[in-house]
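What follows is a short report on a single structure.
The values are calculated or read from the model by the stated rules, or taken from the named source; none is laboratory data. Remember, predicted model here, so these are calculated numbers, not experimental data. FYI the Cβ positions are ideal-geometry reconstructions off the backbone, even for glycines, and counts take in every protein chain you see. All accessible areas refer to the heavy atoms of the entire protein, side chains included, with ligands and DNA or RNA removed. Shrake-Rupley method; radii C 1.70, N 1.55, O 1.52, S 1.80 Å.
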Amino acid sequence: MADISPLLPVSSSDGSSDLTGQATCRRPIKVVVSIFFGLLTVGLFAALLIRNNGSVDYVDVHENERGSLASMAFEKAENLKPVSRGLAAGVSEKSNWVFGGDLPDHPWNNSMLSWQRTAFHFQPEKNWMNDPNGPLFYKGWYHLFYQYNPNAAVWGHIVWGHAVSKDLIHWLHLPLAMAADQWYDKNGVWTGSATILHDGKIVMLYTGSTTEGVQVQNLAYPADQYDPLLVHWVKYPRNPVLVPPPGISPNDFRDPTTAWLTSEGKWRITIGSKINKTGIALVYDTKDFINYEMLDGLLHAVPGTGMWECVDFFPVSETENNGLETSINGPGVKHVVKASLDDDRHDYYAIGTYNNRNGTWIPDRPNIDVGIGLRYDYGIYYAAKTFYDQNKKRRVLWGWIGESDSEAADVKKGWASVQSIPRMILFDKKTGTHLLQWPVEEIDSLRLKGKEFNQVRIQAGSVVPLDIDSATQLDIIAEFKIDSDALEKATGSSDASFDCATSGGAAERGALGPFGLLVLADERLREQTPVYFYMTKGSNGNLKTFFCNDQSRSSKASDVDKHIYGSLVPVLRGENLSIRILVDHSIIESFGQGGRTVITSRVYPTKAIYGAAKVFLFNNATELNVTASLKIWQMNSAFIQPYPNL
Amino acid sequence: MNNTISLTLLHLAFCFTLVSFTPISALELHGTGANMVETTCQKTPFYNLCVSALKSDPRSSGADVAGLAQIGTDKLKAKATATLRQITALLKVAKDPKLKMALRDCADYYNAIVKYDIPVAVEAVTKGDPKFGVEGATDAANEAYACGRGFKNQPKFPIYASNKVVHDLSAVVASIVQLLL
């Protein structure tokens, strides 16, 4: 080949320079070709240079900044922002830790942290907990198992914790039920459910993460069926009983449900998964919980909802006020499908009709299908699971309440997460569209002295202190009456876009709201957590009521969640507005309209703690006077402790 | 004639070499290792940092998203550990009590990041429950943010740069793990 060394300078920008001297008949073509490639070279090289200048070398970030340190005011670091938990770029701009409030010099001292521990909500003595598992009633005891990390106050090394209670309120800790001691659950003894067989025996199906990180379903059962405490558990020697089927990722196959009977007398379970971004529920039939046949069809699927975790499937009566055993079907029975959405960490449910023959379910209202409609709870609430309590003929719901403070604080205080107070679930006959959730009646046994407040008039724009002694362990039942004249007179507006989450919270004054209660508030209202109603009137005269929980001023600390939670709550003609609130240190569970809309939140005040916490009524509406009647009880501790002398 | 051909060929050869170093969207369809990094990093809030961090590890070529998440957490762990060492060293020589207090708070935050947040992220990704990984990485970012806030009233913030990298890289890792949901 020709000697190309004189051409090497081509690698600089002017590739065509050495060609201008040649004079032959081909010169015009050569020149054109050379100029073309020359310009192409220039263009590409320029593009490469620009690209390199735009990227910041990983190491350079450190060095570039050093020079300007001395003059660096903190405010300049506006690039440094709190990051949205679970809502990474592209999904939502809203940050989890809304920046606001002064930062105390030492944010968390031991006094503030130890106050946060709850008195009557289930939590282990220390460390991390998440999903409730295998709840059941057996030989006089209620059992709760739960995802637990025995080593730290953060998620990891998950095994099954265990506790028992006679009344769903006073819990006694038992030894760990299952550890990660087999290849098929070495990487995690994950969520599962119990089924009580015809002869009263219990089988437990749970997900194991194998040594290879594959999600499989395993069978376990009590070592001794005569032990009412069910302390020891045995794993079926030939686990796993189910592995991910073809087409399903080994990471998308978990949380088997309680089984129900088919009309052919087989047991049927469902397991959540996903295909691309469609959340699905797979269905399996079995006679012995060891061999399974997968149905061709799915129980249900909803596009765009992502992975369905902790699927739950259960019947509710349209007419009776009791729960239904999981296998019940027939006229007057609707079925609920519930899924925990991995993508947004919320629990969704939908009411519909189950077809036993082909194992499918259709929602009554596809526009509020699973994952795109109603939620059990509009606050911090996840991985919920129901069980049929044959003792009191009710369906009871458990839900995991995580922390909304920083992991550093959790590590400092040595624990993280609580379970909600168990809730009775009923179909809401009045609306026909919602489920009702209400704390189990046994919680009333914790009530100590109560104080009644009758017909307290709250003028527009006022705050009324309620004189009770302590305000950190409370059961509040309140009813609010509004002048119907004021509702009539209020001008309707196209305020149709109100949403608790995007509103200005309890400080945003509307004609017909907000009004409600301030809990965990200090005397000067430097910290306060409003739980309230906000009504809007559309231009067509239609009234809408929203039920919200505002955390924006709940604490002076800056490293806690400051979001506003809530949702629309259906209010029927003739109904008064009602709220029930359970306050238990750092957890608030609020029930609107008898449990039609529920909000649980975690609150971490720095001042409104111990004796400084107070309760107020408030009415921040501009055109509405409100009258409230309420009863407030001090709540005793549940003295949750290890089972004695085990 | 020969000169023309060889000149043209050389130009062509050189142009194609350049083309292969310049990102062109058509290349993404072929899914080479370098492009997995770029497409993944486009979905994070700090693209350039993401690309630099991942590419500085040879494992990144040919890695899938889970692999990139692992690499990202490894980088984050290294950076956070180094920053914690910086903080400890500064604490030894700091005299001003307010500076010491801010540094001590940062040491707490960084202990949490290194001992808890990052291991949670690693475990969540390897064991297949990524949502906890998103949470761990996000917490690391927020703790770096909180560390920075402690210097709000300080004239100097000696670890500003490292802290920013830890914050930003945590946010990057959180976004990558989010893709595994």
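Filter the stretch A:362-386 down to residues that are more than 19 Å from A:VAL283 (Cα to Cα) and within 14 Å of chain B (Cβ to nearest Cβ) and give me whichever is most open to solvent (accessible area, probe 1.4 Å).
Initial filter on the stretch A:362-386 (more than 19 Å from A:VAL283 (Cα to Cα)): A:364-368, A:372-384.
The next check asks that each one be within 14 Å of chain B (Cβ to nearest Cβ); those that pass are A:380, A:382-383.
Details: A:ILE380: 34, A:TYR382: 9, A:ALA383: 1 Å².
Only one residue tops the list, namely A:ILE380.
Could you count how many residues in the stretch A:163-177 are of a type in the set (A, V, I, L, M) and open to solvent by less than 10 Å² (accessible area, probe 1.4 Å)? Steps first, answer last, please.
Restricting attention to the stretch A:163-177, the residues satisfying the condition of being of a type in the set (A, V, I, L, M) are A:163-164, A:168-169, A:172, A:174, A:176-177.
So of that shortlist, the ones also open to solvent by less than 10 Å² (accessible area, probe 1.4 Å) come out as A:163-164, A:168-169.
So the answer is 4.
When the residues of the stretch A:524-546 are filtered to those that are assigned to a strand (DSSP E or B) and either over 22 Å from A:GLU479 (Cα atoms) or hydrophobic (A, V, I, L, M, F, W, C) (or both), which remaining residue is farthest from the chain's Cα centre (by Cα)?
Of all residues in the stretch A:524-546, those assigned to a strand (DSSP E or B) come to A:529-537, A:543-546.
This time we only want the ones that are either over 22 Å from A:GLU479 (Cα atoms) or hydrophobic (A, V, I, L, M, F, W, C) (or both), so: A:531, A:533, A:535, A:543, A:546.
Details: A:VAL531: 19, A:PHE533: 22, A:MET535: 26, A:LEU543: 29, A:PHE546: 20 Å.
Among residues in the stretch A:524-546 that are assigned to a strand (DSSP E or B) and either over 22 Å from A:GLU479 (Cα atoms) or hydrophobic (A, V, I, L, M, F, W, C) (or both), the one farthest from the chain's Cα centre (by Cα) is A:LEU543.
Any residue at all in the stretch A:388-395 that is closer than 29 Å to A:ASN149 by Cα and open to solvent by less than 10 Å² (accessible area, probe 1.4 Å)? Steps first, please.
Applying the first criterion (closer than 29 Å to A:ASN149 by Cα) to the stretch A:388-395 yields A:388-389, A:395.
Adding the requirement that they be open to solvent by less than 10 Å² (accessible area, probe 1.4 Å) leaves A:389, A:395.
Checking the stretch A:388-395: at least one residue is closer than 29 Å to A:ASN149 by Cα and open to solvent by less than 10 Å² (accessible area, probe 1.4 Å).
Residues A:GLY399, A:GLY359, A:GLY352: which one is more than 13 Å from chain B (Cβ to nearest Cβ), open to solvent by less than 20 Å² (accessible area, probe 1.4 Å) and on the phi > 0 side of the Ramachandran plot?
Numbers: A:GLY399 fails: on the phi > 0 side of the Ramachandran plot; A:GLY352 fails: on the phi > 0 side of the Ramachandran plot.
Within the list A:GLY399, A:GLY359, A:GLY352, the selection yields A:GLY359.
Within the group A:ASP475, A:ASP405, A:ASP485, which residue is among the charged types (D, E, K, R), over 30 Å from B:ALA144 (Cα atoms) and out of contact with any strand residue (DSSP E or B) (no Cβ under 6 Å at 6 or more places or on another chain)? Give the steps one after another, and end with the answer.
Working: A:ASP475 fails: out of contact with any strand residue (DSSP E or B) (no Cβ under 6 Å at 6 or more places or on another chain); A:ASP405 fails: over 30 Å from B:ALA144 (Cα atoms).
That would be A:ASP485, the only listed residue that is among the charged types (D, E, K, R), over 30 Å from B:ALA144 (Cα atoms) and out of contact with any strand residue (DSSP E or B) (no Cβ under 6 Å at 6 or more places or on another chain).
Tally up the residues in the stretch B:48-78 that are buried (at least 18 other Cβ atoms within 10 Å of the Cβ) and over 19 Å from B:GLU135 (Cα atoms), please.
8
Any idea which residue in the stretch A:145-179 is nearest to A:TRP128 (Cα to Cα), counting only those that are of a type in the set (S, T, N, Q) and part of a strand (DSSP E or B)? Let's see the steps before the verdict.
Filtering the stretch A:145-179 for residues of a type in the set (S, T, N, Q) gives A:147, A:149, A:151, A:165.
Next, only the ones that are part of a strand (DSSP E or B) stay: A:147, A:149, A:165.
On the way: A:GLN147: 8, A:ASN149: 5, A:SER165: 21 Å.
Among those residues, the one meeting the criterion is A:ASN149.
Of the residues in the stretch A:285-311, how many are in a loop (DSSP other than H, G, I, E, B) and of a type outside the set (S, T, N, Q)?
Of all residues in the stretch A:285-311, those in a loop (DSSP other than H, G, I, E, B) come to A:287-291, A:295-299, A:303-307.
Adding the requirement that they be of a type outside the set (S, T, N, Q) leaves A:287-290, A:295-299, A:303-304, A:306-307.
Final tally of qualifying residues: 13.
When only residues in the stretch A:361-409 that are at pLDDT below 95 and not aliphatic (A, V, I, L, M) count, which is nearest to A:GLN551 (Cα to Cα)? Quick ask: steps written out before the conclusion?
Of the stretch A:361-409, the ones at pLDDT below 95 are A:405-409.
Going one step further and asking which of them are not aliphatic (A, V, I, L, M), we end up with A:405-407.
Working: A:ASP405: 12, A:SER406: 15, A:GLU407: 19 Å.
For the stretch A:361-409, the residue satisfying everything is A:ASP405.
Could you say which residue among A:ARG375, A:ARG365, A:ARG345, A:ARG357 is within 26 Å of A:TRP267 (Cβ to Cβ), in the same structural domain as A:ALA194 (by the TED database) and of a type in the set (Lys, Arg)? Break it down into steps so the answer makes sense when it comes.
On the way: A:ARG375 fails: within 26 Å of A:TRP267 (Cβ to Cβ); A:ARG365 fails: within 26 Å of A:TRP267 (Cβ to Cβ); A:ARG345 fails: within 26 Å of A:TRP267 (Cβ to Cβ).
Result of the check over A:ARG375, A:ARG365, A:ARG345, A:ARG357: A:ARG357.
Using the structure shown, decide if A:ALA471 is in a loop (DSSP other than H, G, I, E, B) and open to solvent by less than 80 Å² (accessible area, probe 1.4 Å).
Numbers: in a loop (DSSP other than H, G, I, E, B): yes; open to solvent by less than 80 Å² (accessible area, probe 1.4 Å): yes.
So A:ALA471 passes the test.
Applying the selection to the stretch A:546-561, what residues are out of contact with any Phe, Trp or Tyr (no Cβ under 6 Å at 6 or more places or on another chain), open to solvent by 10 Å² or more (accessible area, probe 1.4 Å) and closer than 16 Å to A:TYR532 by Cα?
The answer is A:SER552, A:ARG553.
Take A:LEU520 and tell me if it is open to solvent by less than 10 Å² (accessible area, probe 1.4 Å), in a strand (DSSP E or B) and at positive phi. Steps first, answer last, please.
Numbers: open to solvent by less than 10 Å² (accessible area, probe 1.4 Å): yes; in a strand (DSSP E or B): yes; at positive phi: yes.
Spelling it out, A:LEU520 is indeed open to solvent by less than 10 Å² (accessible area, probe 1.4 Å), in a strand (DSSP E or B) and at positive phi.
Only one of (1) open to solvent by less than 30 Å² (accessible area, probe 1.4 Å); (2) of a type outside the set (A, V, I, L, M, F, W, C); (3) touching a Phe, Trp or Tyr at 6+ places or on another chain (Cβ under 9 Å) is not met by A:GLY306, so which one is it?
Failed condition: (3).
What number of residues within the stretch B:88-112 satisfy the criterion of being within 14 Å of chain A (Cβ to nearest Cβ) and surrounded by 14 or more Cβ atoms within 10 Å (Cβ to Cβ)?
Summing the residues that are within 14 Å of chain A (Cβ to nearest Cβ) and surrounded by 14 or more Cβ atoms within 10 Å (Cβ to Cβ) in the stretch B:88-112 gives 15.
Take the residues of the stretch A:564-583 that are out of contact with any strand residue (DSSP E or B) (no Cβ under 6 Å at 6 or more places or on another chain) and not hydrophobic (A, V, I, L, M, F, W, C): which is surrounded by the most Cβ atoms within 10 Å (Cβ to Cβ)?
In this case the residue turns out to be A:PRO570.
How many of the residues in the stretch A:610-646 are over 30 Å from A:GLN459 (Cβ atoms) and open to solvent by less than 20 Å² (accessible area, probe 1.4 Å)? Step through it out loud before you land on a result.
First, pick out the residues of the stretch A:610-646 that are over 30 Å from A:GLN459 (Cβ atoms): A:610, A:635-646.
This time we only want the ones that are open to solvent by less than 20 Å² (accessible area, probe 1.4 Å), so: A:635, A:638.
Of the residues in that region, 2 qualify.
Only residues that are open to solvent by less than 10 Å² (accessible area, probe 1.4 Å), in a loop (DSSP other than H, G, I, E, B) and within 14 Å of chain B (Cβ to nearest Cβ): list them for the stretch A:207-230, please.
Within the stretch A:207-230, A:THR210, A:GLY213 meet the criteria.
Just to be sure, is B:VAL165 buried (at least 24 other Cβ atoms within 10 Å of the Cβ), under 14 Å from the mean Cα position of the chain (by Cα), of a type in the set (Val, Ile, Thr) and at the interface with another protein chain (Cβ under 8 Å from one of its Cβ atoms)?
Working: buried (at least 24 other Cβ atoms within 10 Å of the Cβ): yes; under 14 Å from the mean Cα position of the chain (by Cα): yes; of a type in the set (Val, Ile, Thr): yes; at the interface with another protein chain (Cβ under 8 Å from one of its Cβ atoms): yes.
Yes.
Limited to the stretch A:312-348, what total is found for residues that are more than 22 Å from B:ASP129 (Cβ to Cβ), part of a strand (DSSP E or B) and not hydrophobic (A, V, I, L, M, F, W, C)?
Matching residues across the stretch A:312-348 total 4.
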